[in-house]
1. Inside the range 208-226, can you point out the residues that are touching a residue at least 24 places away in the same chain (Cβ under 8 Å), more than 10 Å from S274 (Cα to Cα) and not in a strand (DSSP E or B)?
2. Just one of I94, I85, I19 is within 20 Å of I112 (Cα to Cα) and β-branched (V, I, T); which is it?
3. Which one of the conditions (1) open to solvent by 10 Å² or more (accessible area, probe 1.4 Å); (2) without any contact (Cβ under 8 Å) to a residue 24 or more places away in the chain; (3) farther than 19 Å from K192 by Cα does D312 fail to meet, given that it meets all the rest?
4. K261 - would you say it is farther than 30 Å from N127 by Cβ, more than 24 Å from the chain's Cα centre (by Cα) and not acidic (D, E)?
5. Take Y240 and decide whether it is under 25 Å from the mean Cα position of the chain (by Cα), open to solvent by 30 Å² or more (accessible area, probe 1.4 Å) and at pLDDT 95 or above.
6. Applying the selection to the range 80-94, what residues are surrounded by 20 or more Cβ atoms within 10 Å (Cβ to Cβ) and either hydroxyl-bearing (S, T, Y) or more than 18 Å from the chain's Cα centre (by Cα) (or both)?
7. Output the number of residues of the range 344-369 satisfying the condition of being open to solvent by 30 Å² or more (accessible area, probe 1.4 Å) and in contact (Cβ under 8 Å) with a residue 40 or more places away in the chain.
8. Can you list residue pairs whose Cβ atoms sit under 6 Å apart, with the first residue in the range 81-102 being in contact (Cβ under 8 Å) with a residue 24 or more places away in the chain and the second being of a type in the set (D, E)? Count only pairs 6 or more apart in sequence or on different chains.
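The values are calculated or read from the model by the stated rules, or taken from the named source; none is laboratory data. Since we're looking at a predicted model, the values are computed, not measured. Cβ placement follows ideal geometry from the backbone for every residue including glycine, while neighbour counts extend to all protein chains displayed. Areas reflect the complete protein model, heavy atoms only, side chains present, ligands, DNA and RNA absent. Shrake-Rupley method; radii C 1.70, N 1.55, O 1.52, S 1.80 Å.
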Amino acid sequence: MTEKLKILFIHNTAMWYRIPFFKQLALNYDLHLVFTHFDVISSIYNSTTTRNIKGLEDVNYTILENDKKGNAQNLDKILKEDYDIIIGGSWDSIAELRETIKISRYAHKHNIPFIIWREDWDWKRPNNIKQKILDKTIKHLTQKADQILVPGTIHKQYFQKLGVKPENITIMPNVSNIKGYNPNITQDTNIKTILYVGRLIKRKGVIYLIKAFKKLHKKHENVRLIIVGEGDEEKTLKKYIKDHKIPDITFTGKIPNNQLKDYYQMANLVVVPSTDDEMGDPWVFILNEAMYYSNPVIATDAVGAAYDMIEDNGYMVKQRNPDELYIKMDEIISNPKIEESMSKKSKEIIDKKYQYKNMTNAFDNAIKKVKK
């Protein structure tokens, strides 16, 4: 029996959509999974966390505590164990950048292949000294890495722009673990439902969706907009709706993941209107989820996933452009044949390209490249 490769996989936290991926890796490799900033899931998604991670009961994982400066404790001790490959890398905070530099230096000093897994792409960034120093550091780290794992083509292009050789970049598609159908939920044939799911923050661009919907509703009375999520922009959005007397918009608040299927099933169209305010959206799993439930989709050019996931199943539009968004929304809901065709194409794309087997196969290919 061939001995399994021993892999140290360092990641910030255990997002629910990553659990099946980690679980499969633990079957294929001798995996030590280390979470360095576990509470990120709480600060970003306002989700509860537990140290006993459901779904990873049989996986060797460690959760590191953070000191007052946010540094992951005992990382040095873990690095000194014997590994064939180390995977990690993040620069979302100063602490994570320091840790990545440490991991990179250790791996190269001990001649251990080092793989970075990131979702960056070439969105608009601040033009200041701090960003320039960070960009230079990222360029150095990525050029020294043995492989870069990225979710899509626009991400690969970004790292190539930093000087990473194309053969050192592997596209590993992002996958969502949403599943199941509610037999009690069906589309209302008398009304067209447009759905938004996500945080209500400025970067998500929901105001542009509302402006586009305002025009759409003037042409189609049998259309409604459902906004699922919460955030600090909620009051501003509701005030705009009230001031402009826009009907048929419903805010549901935050919906548990296991109930989102009800909304995807009743939708005729799902829109992701993100902007690059402060940063672009690295991926947006809402596209995965919407397409799993056979929804046509529209996303802006500030959405990383749009460049790969939108083919003949929807449209990618310019960010902050409610007029273009209105035109494409109108085109889909006005034509049942287009809606039906896009619906089928969405499910076809998900079934063919965005399953966990696609993700783990890509991971295996990256491992083979560094172990030649």
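1. I210, K211, A212, F213, K214, K215, L216, H217, K219, H220, N222
2. Sole residue among the options that is within 20 Å of I112 (Cα to Cα) and β-branched (V, I, T): I85.
3. Every condition holds for D312 apart from (2).
4. no
5. No: the conditions fail for Y240.
6. If the condition is that a residue be surrounded by 20 or more Cβ atoms within 10 Å (Cβ to Cβ) and either hydroxyl-bearing (S, T, Y) or more than 18 Å from the chain's Cα centre (by Cα) (or both), then Y83, I85, I86, I87, S90 are the ones that fit.
7. 9
8. That search, which allows pairs on different chains as well, returns S90/E96.
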